[in-house]
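Worksheet: the structure to be examined is printed underneath.
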Amino acid sequence: GEDVEQSLFLSVREGDSSVINCTYTDSSSTYLYWYKQEPGAGLQLLTYIFSNMDMKQDQRLTVLLNKKDKHLSLRIADTQTGDSAIYFCAERAAEYGNKLVFGAGTILRVKS
Amino acid sequence: DTEVIQTPKHLVMGMTNKKSLKCEQHMGHRAMYWYKQKAKKPPELMFVYSYEKLSINESVPSRFSPECPNSSLLNLHLHALQPEDSALYLCASSPHLEVVYGYTFGSGTRLTVV
């Protein structure tokens, strides 16, 4: 069934790395995404990874995918105060009728 | 133009009012979506349109009525809403239903039902 889980809160110091974790249940998931939502705003697509990949790097962002454990992580290097936001992972699997299923979101707080 | 534009940004309506939320994109996307997001919760899918036809209705109450008059516009008509319908309503679009590169989201309409 549809179930994407994330830890609810993460606090880091400015300049440190942040790692946000996500687990999903559908082994047929083909695409996985990370979205960022700042207060009062819509969702901004940060990055995505295909299920045939293990890792994707995009500037300060690194996505790791462990298909065996159905675990997805987002690492933000040199975290800045502007990275404070809610981060949602989402999966898209064919059996969900071509819709994205979102996790509950992780609140990232960056302390200066 | 790479945006999804939603209007209004904020809306306060009474339970007997009729109002509409509007969503517009000029990226040539042929799939458009309405999501509802309560505070501190993930977005929940309401409706999906593909090539101006309703593709998915996630068992949404009839007091929410979507409309897709053309490939660039998506409306959500609201009537006889309840206070628990207060939420952020997000519109999104994608090139087509076979989502690969994710959706483009608008900034949302913050709806308060009084």
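Observations, loosely collected:
- A:Asp78 being on the phi < 0 side of the Ramachandran plot and in a loop (DSSP other than H, G, I, E, B): no
- Tabulated pairs, region B:77-106, first at the interface with another protein chain (Cβ under 9 Å from one of its Cβ atoms), second in a strand (DSSP E or B) and among the acidic types (Asp, Glu), C-beta under 9 angstrom, 6+ apart or interchain: B:Cys91/B:Glu24; B:Gly106/B:Glu24
- Looking only at residues of region B:24-54 that are open to solvent by 60 Å² or more (accessible area, probe 1.4 Å) and in a strand (DSSP E or B), we find that the one that is nearest to the other protein chains (Cβ to nearest Cβ) is B:Glu44.
- Taken over region B:84-106, the criterion of being open to solvent by 60 Å² or more (accessible area, probe 1.4 Å) and either hydrophobic (A, V, I, L, M, F, W, C) or in contact with a strand residue (DSSP E or B) (Cβ under 6 Å, 6 or more places away or on another chain) (or both) is satisfied by B:His96 alone.
- Scanning region B:1-13 for residues that are at pLDDT 95 or above and assigned to a loop (DSSP other than H, G, I, E, B) gives B:Pro8, B:Lys9.
- Residue selected from region B:55-79 under the condition small (Gly, Ala, Ser) and modelled with pLDDT under 95, by the criterion farthest from B:Gln25 (Cα to Cα): B:Ser59
The values are calculated or read from the model by the stated rules, or taken from the named source; none is laboratory data. Because the structure is a prediction, the values reported are computed rather than measured. All Cβ positions, even for glycine, are placed from backbone atoms using ideal geometry, and neighbour counts span all protein chains on display. We work out accessible area using only protein heavy atoms, side chains counted, and drop any ligands, DNA or RNA first. Shrake-Rupley method; radii C 1.70, N 1.55, O 1.52, S 1.80 Å.
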